[in-house]
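*Asks:* Following this message is one structure expressed as structure tokens.
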Number of protein chains: 2
Amino acid sequence: MTAAPMRIGDVARLAGTTPRTIRYYEEIGLLPDAPARPSGQHRLYSTKELERLREVMRLKHLLGVSLEELKTLLSAEEARATVRARLREEDVHPERRRELLSESLGHIDRQLELVEHRAAELSKLQEELTQTRRRVRKLLREMDVPAQV
Amino acid sequence: MTAAPMRIGDVARLAGTTPRTIRYYEEIGLLPDAPARPSGQHRLYSTKELERLREVMRLKHLLGVSLEELKTLLSAEEARATVRARLREEDVHPERRRELLSESLGHIDRQLELVEHRAAELSKLQEELTQTRRRVRKLLREMDVPAQV
DNA sequence: ACTGATCTTTACGTTCACGTCAATTTCACA
DNA sequence: TGTGAAATTGACGTGAACGTAAAGATCAGT
């Protein structure tokens, strides 16, 4: 029932990157160290880690931030994962539970703010381009009925 | 009536960058060489060039592409500028005029495609984040009425 | 137990996008 | 006409994000 663990080469192929990049991300702390591995032994990954890598690459692509900024952004996600784990243990004090949740909410809000800002800027650019396109097409249409004036 | 020409330091300040960057962009052909200047003499710019620089920086920021890719993207814009200039001369053959216009349209479409794609990806991410946010807030609200179950 | 493919660490190399001297020159202004 | 601030080219330096080569270790399959 436990999905076959993958090696770094497989993960790299599936994510569309290279082993070197994965090791680098691990080195700078952008990805967590591969779980419990005596140094010298091969890294083993589950689909869980593969998807994490994909998310990292996606955010890097979409937000175009430095790996350092990305790290702090993802530390939020990291924290949320921890929160989810803690919350699954039912025996957390309500007090503490509320703390964890609203902390998590703060992290999400920070990410959302960044993303919303970017999205807004982009759609503005998109609109401008669409406008320009309309103008050019209008000029072209006017050429089809030159005797109109 | 001719707006006072600015020097590279002024342009840099107004655009929020440095003289070095402007020279670099000019060097790699991302910005056109400052108009008619005997080498050794100071570069002089009009607000026209300032805005061009700003647009370059904006696109770089929003699309996060390499300066090389940006150069090809802007060569389209360059071409459109040329088209506009040619079109202002009223004496272009209709045949040629149509050619120029549809060529211009093609360039715009290429840019639009890229921008639309990015915008779509971003808004998808935005929606996902919003969803997550909703879920966390729901959990928080449920804590306010614990006796509900 | 062997073997070839893959992985390990270490370390130096590379590209991009500028930063930073340095020596000289140009420019606006008194 | 001098003078200080800003600009010029040229060259080397730098941080980020990996690439690449080397020498050895580990793993899956026979």
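The numbers here are math on the coordinates, done by the rules we state, and not lab data. Since the model is a prediction, treat every value here as computed from it, not as a measurement. Because the Cβ atoms are built from the backbone with ideal geometry, glycine has one as well, and the counts that use them run over all protein chains shown.
*Asks:* Compute the distance in nm between two label points, each set 7 Å from the Cα along the Cα-to-Cβ direction, one at B:R110 and one at B:L14.
*Replies:* Using points 7 Å along Cα→Cβ, the separation is 3.0 nm.
*Asks:* Can you give the translational diffusion coefficient of the range A:1-94 in µm²/s, computed by Stokes-Einstein from the Kirkwood radius over Cα pairs at 10 °C and 1.306 mPa s?
*Replies:* Numbers: Rh = 14.6 Å.
Here the translational diffusion coefficient equals 109 µm²/s.
*Asks:* Now a separate question. Is there a pair in A:K48/B:K71; A:K71/B:K124; A:K48/B:K124; A:K71/B:K71; A:K60/A:K138 whose C-alpha atoms are over 32 Å apart, and which pairs would that be?
*Replies:* Numbers: A:K48/B:K71 39 Å; A:K71/B:K124 21 Å; A:K48/B:K124 21 Å; A:K71/B:K71 30 Å; A:K60/A:K138 38 Å.
Listed pairs above 32 Å: A:K48/B:K71; A:K60/A:K138.
*Asks:* Moving on to the next point. With angles folded into 0 to 90 degrees, how steeply does helix B:47-63 sit against the dominant principal axis of chain B? Use alpha carbons for both and round to 10.
*Replies:* Rounded to the nearest ten degrees, it is 40.
*Asks:* Still on this structure, please answer the following. Kirkwood hydrodynamic radius for the protein assembly as shown: how many Å is it when counted over pairs of different Cα atoms?
*Replies:* Values: mean 1/r = 0.0418 Å⁻¹.
Result for the protein assembly as shown, one decimal place: 24.0 Å.
*Asks:* Relative contact order, percent, of chain B when contacts are C-alpha pairs under 8 Å separated by at least 6 residues? Intermediate values should be presented prior to the final figure.
*Replies:* Details: 69 pairs, mean separation 25.7, N = 149.
After rounding, I find 17 percent.
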